[in-house]
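Data block below; observations after.
The values are calculated or read from the model by the stated rules, or taken from the named source; none is laboratory data. Quick caveat, the model's predicted, so the values are computed rather than measured. With ideal geometry, Cβ positions are generated from the backbone for all residues, glycine too; neighbour counts draw on all protein chains shown. These accessible areas exclude ligands, DNA and RNA; they are computed on the full protein's heavy atoms, side chains included. Shrake-Rupley method; radii C 1.70, N 1.55, O 1.52, S 1.80 Å.
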There are 2 protein chains.
Amino acid sequence: MQRRRIFFNAFHMNCVVHQSPGLWVHPADQMHRYTDLGVWVELAKLLERGKFDGLFLADVLGVYDVYRNTREVAVTQAAQIPANDPMVLVSAMAYATEHLGFAFTSSVLHSHPFPFARQISTLDHLTKGRIGWNVVTSYLESGARNVGKSGLPPHDERYAIADEYLDVCYKLWESSWEDDAVVKDRRRGIYADPTKVHEVRHEGRYFNVQGCHLAEPSPQRTPVLYQAGASPRGQQFAARHAECVFLTGPTPQVVGHLVKETRACADQYGRAPDDLLFFMYLKVITGDTETAAQRKYDEFLEQVNYDGALALLSGWSGIDFSQLDPDQPLEYVETNAVRTLFQSFAQADPNRRWTTRDLARFVGIGGGGPVLVGTPEQLVGMLMEWINVGVDGFNLAYAITPGTFTDFIDGVVPVLQQRGLMQHEYNEGTFREKLFGQGRARLQKPHPAVRYRRSA
Amino acid sequence: MQRRRIFFNAFHMNCVVHQSPGLWVHPADQMHRYTDLGVWVELAKLLERGKFDGLFLADVLGVYDVYRNTREVAVTQAAQIPANDPMVLVSAMAYATEHLGFAFTSSVLHSHPFPFARQISTLDHLTKGRIGWNVVTSYLESGARNVGKSGLPPHDERYAIADEYLDVCYKLWESSWEDDAVVKDRRRGIYADPTKVHEVRHEGRYFNVQGCHLAEPSPQRTPVLYQAGASPRGQQFAARHAECVFLTGPTPQVVGHLVKETRACADQYGRAPDDLLFFMYLKVITGDTETAAQRKYDEFLEQVNYDGALALLSGWSGIDFSQLDPDQPLEYVETNAVRTLFQSFAQADPNRRWTTRDLARFVGIGGGGPVLVGTPEQLVGMLMEWINVGVDGFNLAYAITPGTFTDFIDGVVPVLQQRGLMQHEYNEGTFREKLFGQGRARLQKPHPAVRYRRSA
C-alpha cells in the first residue's frame, strides 16, 4: 500500500504568547508585533512556500485567572492575553496566498449560530473554499462570565449545546439553498430561484432560527470541521462530527491508542477510516547538527517562564498550582482535569515522579505536548513513529515565530519531500479536497451534515 | 473663514444588489462577483486613489419579505440577499491600502458586545486605527426571528438596548486597559502591568459582562461611530453617541433642517459643532457632457427593476406596496414608517402626487435618496448646495460598481481638488484624526465614552 503523504498545520493564535510562556522576549520572536497585519501575511506566505496544508488558529474568550486566583501572571506574561480575534485576520492572509487552508477556533458559547454561519460562509466564498472551523465548547469560567452567564454550563451540557449549534449550522449551510438555486441569469434578470431557497425553521432547546441562510452555497458549504475532544463525551462528539481530530500524548503508543479508540467510535457512526484525519500536536526544534538543535532547545528552555507556564496549566486544568510545593511529587493531585491532561504522560513512564516544577517545564517548552529535537533526518524518523501508529499529520506549535516554522520549512520539509512523505505542490480544489481527495469538496455520507441536504 | 474640505465615503454592501435593484445585470456591473476578494481589494485601491475618506459597508441580517408577504422577489432580484458578512472583508482591503477608512454595520441585536468589541479592537489594531462602526438597531422582523427572538423589540426599546450595548463597549474599549498598561519590556520579561488592567463588571438590564477586555488599547480605542437615527429617539441617540451622522432628504432645505435639529440636540449634550460630521446619502451620475450624463442616467433608470425596488421599500417601511394600485396617488398611506421615509420628500413638493410607481422609480434609481446628474462642473455646484446648508460630506451610493466610483473619481474628484474642496493627499493618523483633525485619535469630552476613561 502506498503511504499517504503527511499533513502539516501551523498551530498559532492571535496573541503574544500562545504555548511558549517567556519566549516572546527572545530576540528573534516577532509575536510582540501580533497587531501588525504584515506579520500574519508573511507567516501565511511562509507556510505556503513550505507547502503546509493549513494555519490553525486557537482562541480563548476569557483569561487564565486560576493560578493564584488572579489574572496577574497571565497579564504580566502575556499568556494568551491580550488575545485578539482570529477570524478577522483571515481575508488578508487569504488574499496573499492561493492554497493554504485557514482553520480558526470559535466557541459555541460565544456567538449565535445564525450570524456565525454567515461569517463562515462569507469566508469560504472569499477564500474559494479554504476555511476550517475548530469547534470548541470553552473551558474558562472567566469566558462564560464575559457573555452574561453565571459560569460554564456543565461539561456534558456544553456538548449538548454544541450538538444543537452544529445542527443549526448544518441546516443553514447544507439545506437552505439548493445546489442550483443560484441562476445568475443576467439576460432574464434572475439571480436566484426562490423556490430553491428554504427557511430552516429550527426550534430547539438552545436555539431558535426561523429564516433562510443569507449566504448562497459556498465552495465547501460546511467548512472543514476540526475538533479536539479528549473526554469520553468529547470523543463521541469528534467521532460523529469531526473531519480533523486534534490530539496529543506523550508516546506513539498512547496516541495510537487514542486514534484507535476514536476511529472505533467513528466506525459506530458508520464513518469510514478515510473520513477522519488525526493531527498530532507537537513542537519541533531542529538545527544543522544534533548539537545545534539541542543548543537551541536548551536556549528556549532557559527562557521559559515558570509562572507563565503554570498560569496556562492552571487555566487548562482548573487547579491552582500555586498552592503546591514546586518540588513535591504530584501523586496527590487527583482531579479529573489533571488526569485528562497528564494521565497519559504519567502512564507512559510510571516510575517517573512528576513535580509541579516538572510540569511547568513540560508545559513551558512543549505547551502540553511532546517536543522533538534533532537534525532534519532524525526528525523525519521521529515524526514517522507517530505516523506509524495511525496519526495522519501534525499541528506544529512554535517556540518562536517565524523561526520555528522557518527552521522546519528550510530544514525538515525538503527531507520529507525527498522521501515522498510531503507534497511538493498543492493539489487543486478546496481545503477539504486537498485533505481528503479530489471530488470531496463537500461532506459525504454518513456525516450528519449530509442528512440535511436536499437532493438537487 | 476657510471652508473645510468635503468628506467622501463610498456606500456599499457585501451583496449583489445594494441600492440599485435591476442594475446587477448591467454589462459593466461587477457585483455578481461579490464573493471574489479581488473585487473588494480593487474597489478599496480605487477609492484610495480617489482620496475617499472611507468605505462604508451596510448590512442586514434578515430578508425583505414584506412585499407580497414573501421573500420571492428579493431572492429573484438579489435585493440584499444573498448578503454576506461585511466585517470579514476588511483585513484584505486594509492590507492593500494605507489610508482608507473602513466603517461597517453591525446591529446591537445580533452579536454579544463582548466578542464584538474584541473584533472591533482587533481590526482597529490591524488597520492601525482605520475602523468605524455604523451602530444599527435593526428594522427587519425576519432578522430578529433569525436569532431566537419572536420579533423585533419595540422601536424605543431597541434604542435602550443600543444605549446599554454602547456602554458595555465603551467600558471595554476605554476603561479596561489604562494607556500605560502595556509595557512590552523584553529585558525584564514584562508584557503588561496587571494593576492597570481592570474588569468592567457590567451588570445591566440586557447585558452582563464581568471580565477585562481581551484586547490591549488599539489606536482609536473606540472606533469612529456612525449612526443614522432619523426618528426622534434615533436623533437623540445620534446626538449623544454619533461622530458621523448618516442622513438623506430631497432638498438642501429639508436636509439643512435635519442637520440643524440634530446639532441643537447634540448641543444639549454639550457636544461642540466640530464633534459631529453629517454625511448625506446620494447618488451621482456623471459624464463628459450633460447629454452623456443624462443618457447614462436614462440607461440605468430603464434597467431598474420595479418589483425589486418595491421589495426594498416594503422592507424599509413595513408596508406591503403590492397591495396598492401602482398608479393610485399615495395620499391614503399614512403610517409612521412611510411618513418617516417620505414625508420630507412630500413636503418638498406639496403639489406632487406620488404613486407607488413613482416611489418604485425613485427607490430604484436613487435607493431612497437624491440622484445628481451632470458634468463634473455642474455636479460640484450641486454638491455645494448641500454643503452650504451644513452637510459635511457624502456617502456616495452606486448605480454600478466600479463604474459609478470610477466616473466620480476620474471626473468629479479632480474638479473638487482644483477648487480646494477635496483633499489632494491624506493626512497622517487614524480615521478619526483624518476626519476630525490631528491629535484627535481618540474621543474627546464630552462624548459619553470618555467618562469611562481612567486618568493615566
Positions within the range B:57-80 being facing chain A (nearest Cβ under 7 Å), in contact with an Asp or Glu (Cβ under 9 Å, 6 or more places away or on another chain) and assigned to a loop (DSSP other than H, G, I, E, B), in sequence order: B:62, B:71
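Which of the helices (runs of 4 or more DSSP H) contained wholly in the range B:285-382 include at least 2 residues that are in contact with an Asp or Glu (Cβ under 7 Å, 6 or more places away or on another chain) and at pLDDT 90 or above?
Those helices (runs of 4 or more DSSP H) do not exist here; none qualify.
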Some residue of the range B:135-156 being at pLDDT 95 or above and closer than 22 Å to residue B:223 by Cα: yes
Unique match (being part of a loop (DSSP other than H, G, I, E, B) and at negative phi) among A:48, A:42, A:98: A:98
Restricting the range A:201-224 to residues that are without any contact (Cβ under 8 Å) to a residue 24 or more places away in the chain and more than 9 Å from chain B (Cβ to nearest Cβ), the residue that is nearest to residue B:26 (Cα to Cα): A:201
Count of the range B:177-232 residues which are over 26 Å from the mean Cα position of the chain (by Cα), closer than 30 Å to residue B:109 by Cα and not in a loop (DSSP other than H, G, I, E, B): 6
Residue among A:70, A:105 that alone is touching a residue at least 40 places away in the same chain (Cβ under 8 Å) and of a type outside the set (Phe, Trp, Tyr): A:105
Residue tally, condition surrounded by fewer than 24 Cβ atoms within 10 Å (Cβ to Cβ) and over 23 Å from residue B:156 (Cα atoms), over the range B:120-140: 2
Given (1) open to solvent by 10 Å² or more (accessible area, probe 1.4 Å); (2) assigned to a loop (DSSP other than H, G, I, E, B); (3) out of contact with any Asp or Glu (no Cβ under 7 Å at 6 or more places or on another chain); (4) more than 27 Å from residue B:153 (Cβ to Cβ), number of the condition residue B:253 does not satisfy: (2)
Any pair with Cβ under 6 angstrom, 6 or more apart, that starts in the range A:165-194 at a residue that is surrounded by 24 or more Cβ atoms within 10 Å (Cβ to Cβ) and ends at one that is of a type in the set (S, T, N, Q) and in a loop (DSSP other than H, G, I, E, B): A:173/A:222
Failed criterion for residue B:198 (all others in (1) facing chain A (nearest Cβ under 9 Å); (2) in contact (Cβ under 8 Å) with a residue 24 or more places away in the chain; (3) touching a strand residue (DSSP E or B) at 6+ places or on another chain (Cβ under 8 Å); (4) under 23 Å from residue A:148 (Cβ atoms) hold): (1)
The range B:81-91, residues that are assigned to a loop (DSSP other than H, G, I, E, B) and either at the interface with chain A (Cβ under 7 Å from one of its Cβ atoms) or among the hydroxyl-bearing types (Ser, Thr, Tyr) (or both): B:81, B:82, B:84, B:85
Subset of the range B:162-195 that is charged (D, E, K, R) and facing chain A (nearest Cβ under 9 Å) - its residue that is nearest to residue A:148 (Cα to Cα): B:193
Checking residue A:239 against (1) in contact with a helix residue (DSSP H, G or I) (Cβ under 6 Å, 6 or more places away or on another chain); (2) more than 9 Å from every other protein chain (Cβ to nearest Cβ); (3) over 24 Å from residue A:104 (Cβ atoms); (4) not charged (D, E, K, R), the condition it does not meet: (3)
